[in-house]
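Here's the structure, in structure tokens; my notes come after.
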Amino acid sequence: MKKHIILASLVSALFLGSCNKFLDVLPRTQIPADKLFDSEQGFKDALAGAYISAKSNATYGKALTFGTIENLISSWDINTNTLEQQLGLFNYSDDRVIDQFNAIFAKQYATIAAINAILQNLESNKSIFKTEGVYQVIKAECLGLRAYIHFDLMRLYGPIPTESGIGNQLAYVTEFNREIHQHISYEEYKSKIFSDLKQAEELIKEFDPMLSYSMNDVRNPNGFGSNYKPLDDFMSYRNMRMNYYAMKALEARASLWYGDKDNAYKAAKEVIDAKNADGEAKFKLATGKDFTATNYILTSEQIFGLYAFDLAKTYTDNFGNATYRKGTSATTITNQLYGNTGTDFRESSLWNMITLTNGSKYNVIRKFWVTADNVTVLTDYKQLPMIRTSELYLILAETAAFTEGLEYLKTFRANRNISGLAIPGDPPALQNEIIKEYRKEFYGEGQAYYAYKRLNIPKPQILFAPSNAVVNYLLPMPTVESIN
């Protein structure tokens, strides 16, 4: 029987946070849809609301970053008979696991519904836009974010790409209404992702300051030493929005997933080769100098990240108390995860051994640590990674001709301060090294699971998989068929 997505809520009135600035986080008023979409500011506020929705704990605020998706590949220590243990065993029949994936599924489609409400009203209220570029940027961001979320729904709930005929079909929802949205074929869904991305890229490239200014400028609008002086706060902090380069990076990621290595290479290279006005690379791989006690998350590498005003609380609630931890000995991290290089700055600085009040000691990742949730912490450091420059280097290493691919891997390793590892001698060996780097580089970011699924990686290559796990990348269709 075909399944459907019924978007039953958010129809009579859309309630999204109203913000004077994009980085305002808590909604101050609740605005009916007919009032929300009667001004440029209303559309800006609605778009801010969509980003806030995407940062829900049920999705990119936790579950699809360091939570559920990382438990699938046993990134964290677990207690027996818990949800986390069942996730690591790929036990999709456990009621707690079912509820978890239902929540992710429902929230992703709820965010898509909010995006579609904006897109629908953009067209019917296009005449209210008087500021050049605002209509195009809002529409482009909506299309790009819609593609991003739909793509992750396919990566999580859809087929293994190498076995595309086996697995769930999903609905690609492009309208905001009460209609039933039919699930469509794997190929049709794919075409809709790229259609949204291409349209978004064309709309935004004329107006996005990311193309004209450096990342440092964009990350510090109107700041001391910054060349970027936007008159409208809406155009600030483009690294925390679906900007042009984020769309190209997503195009590279999605092309690789669907087996189009040529386009993955082309899209990734456009981003990596982008230059500032002075000829310097726009997107640089970080080095140990960039990796500091105030920036373990490497925001300088984030082509797109979600603003997380409460990141310090997120760290305290999940890592500061060792809820998310890995091992009781430093060798679990230095030897098993990083190979005991002695030089890799992730190996030496990204993890911390903490002691709880009961005397227990655990390895805890520092990736999401910031000093406090106040104005003394730079906005730029409160950011959840969605797409990073490092991933594009790994995409290029995988999609380029073998010799060129080796050079991208060498560059990646050099910037992580790794020099002593053996050079892969053939494409399979190179692929194996790339997979190792996905695990090391994106620990707690959700990307390693997708790399494993894309390549149908067997259990022996999933570093911390329990011996009794039966790897299964094909999630069942969520039991929820509506968003309430």
* Pull out the extension gain between ILE423 and ASN222, defined as 0.36 nm times the separation in residues minus the alpha carbon to alpha carbon distance; nm, one decimal. => 67.9 nm
* Average accessible surface area per residue within the chain, 1.4 Å rolling probe, Å² -> 39 Å²
* Structure fact -> Subtracting the Cα-Cα distance of ALA277 and ASP317 from 0.36 nm times their residue separation yields 10.2 nm
* To do: For an R0 of 25 angstrom, estimate the FRET efficiency from the Cβ-Cβ distance between ASP233 and ASN352 and round to the nearest 0.05.
  => 0.10
* Structure fact -> Taking Cα pairs closer than 8 Å and at least 6 residues apart, the relative contact order of segment 60-115 in percent is 23 percent
* Equivalent-ellipsoid semi-axes of segment 165-209, from the Cα gyration tensor, Å, largest first -> 26, 15, 6
* On a C-alpha basis, how far is the centre of segment 236-259 from the centre of segment 285-362 in Å? Whole number, if you could? => 25 Å
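Determine the calculated [θ] at 222 nm for the chain from helices alone, applying -39500 (n - 2.57) to every DSSP H run no shorter than 4 residues and normalising by the residue count; nearest 500 deg cm²/dmol.
On the way: 16 runs with 190 residues, N = 484.
That comes out to -12000 deg cm²/dmol.
Could you order peptides 141-148, 227-234, 361-368, 331-338 by the average number of other Cβ atoms within 10 Å of their residues, highest first?
Numbers: 141-148: 25.9, 227-234: 14.6, 361-368: 20.4, 331-338: 17.5.
Order by mean packing, descending: 141-148, 361-368, 331-338, 227-234.
Tell me, what is a quarter of the convex hull surface for the C-alpha atoms of segment 345-484, in nm² with one decimal? The partial results should precede the final answer.
Working: hull surface 55.4 nm².
Computed as one quarter of the Cα hull surface, the answer is 13.9 nm².
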* **ASP278, ASP310, ASP344, reordered so the largest accessible area comes first (probe 1.4 Å)** => ASP278, ASP310, ASP344
* Asked: Do the alpha carbons of any pairs in LYS62/LYS266; LYS313/LYS436; LYS326/LYS367; LYS35/LYS126; LYS229/LYS367 sit beyond 22 Å of each other, and which pairs?
  -> LYS62/LYS266; LYS313/LYS436; LYS229/LYS367
* Quick one: what are the phi-derived ³J(HN,Hα) couplings along segment 189-200, Karplus 6.51/-1.76/1.60 with θ = phi - 60°, whole Hz, x for glycine and proline? => 4, 4, 5, 5, 4, 6, 5, 4, 5, 5, 5, 4
* Structure fact -> Given backbone amide H placed at 1.01 Å from N, residues whose amide H is under 5 Å from that of LEU306, ignoring those fewer than 5 places away on the same chain, are LEU384, MET386
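Rounded to the nearest 0.05, what FRET efficiency do ARG96 and GLU202 give with R0 = 56 Å and r taken as the Cβ-Cβ distance? Could you check?
0.80
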* For the pair SER329 and THR82, what calculated FRET efficiency results from E = 1/(1 + (r/R0)^6), where r is the Cβ-Cβ distance and R0 = 30 Å, to the nearest 0.05? -> 0.85
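Over the chain, what is the relative contact order in whole percent, taking alpha-carbon pairs under 8 Å and six or more residues apart? It would help to have the intermediate numbers written out before the result.
Working: 762 pairs, mean separation 96.2, N = 484.
Over the chain, the number comes to 20 percent.
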* Asked: Which aspartates and glutamates, on any chain, are close to LYS361 with Cα under 13 Å apart, when same-chain ones fewer than 8 places away are left out?
  -> ASP77
* If ligands, DNA and RNA are left out, what is the accessible area of ARG439 with a 1.4 Å probe, given in Å² to the nearest 10? -> 10 Å²
* Using 7 Å Cα-to-Cβ label points, what is the ARG366/THR162 separation (nm, one decimal)? -> 3.8 nm
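DSSP beta bridges in the chain, what fraction antiparallel, as a percent rounded to 5? Don't skip to the answer; put the middle values down first.
Numbers: 16 of 18 bridges.
Antiparallel bridges: around 90 percent, rounded to the nearest 5.
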* Structure fact -> Charge dipole of the chain built from unit charges on the beta carbon (Lys, Arg +1; Asp, Glu -1), centred at mean Cα; most positive-end Cα among TYR315, THR80, LEU421 is THR80
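Where does the charge balance sit around PRO161 when Lys and Arg score +1, Asp and Glu -1, over other residues with C-beta under 13 Å from its C-beta? Walk me through the numbers on the way to the answer.
On the way: positive: ARG155, LYS190, ARG253, LYS261, LYS453, ARG454; negative: GLU163, GLU187, ASP260.
Spelling it out: positives minus negatives among the neighbours equals +3.
Given 0.36 nm per residue, what is the gain on full extension from SER127 to SER467 after removing their alpha carbon distance, in nm? Present the calculation step by step, with values, prior to reporting the outcome.
Details: separation 340, 0.36 × 340 = 122.40 nm, distance 6.13 nm.
Using 0.36 nm per residue and subtracting the Cα-Cα distance, I get 116.3 nm.
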* With the contact rule set at Cα under 8 Å and sequence spacing of 6 or more, what percent relative contact order holds for segment 127-202? -> 35 percent
* Leaving ligands, DNA and RNA out of it, report the carbon-plus-sulfur percent of the accessible area of segment 160-278 at a 1.4 Å probe. => 46 percent
* Asked: ³J(HN,Hα) across segment 405-415 via Karplus (A = 6.51, B = -1.76, C = 1.60, θ = phi - 60°), whole Hz, x for Gly/Pro?
  -> x, 4, 5, 5, 5, 4, 4, 4, 4, 4, 6
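The values are calculated or read from the model by the stated rules, or taken from the named source; none is laboratory data. Because the structure is predicted, anything quoted here is derived from the model rather than measured. Note that each Cβ is placed from the backbone with ideal geometry, even for glycine, and that neighbours are counted across all protein chains shown. Calculation scope for accessible area: heavy atoms of the full protein, side chains included, ligands and nucleic acids excluded. Shrake-Rupley method; radii C 1.70, N 1.55, O 1.52, S 1.80 Å.
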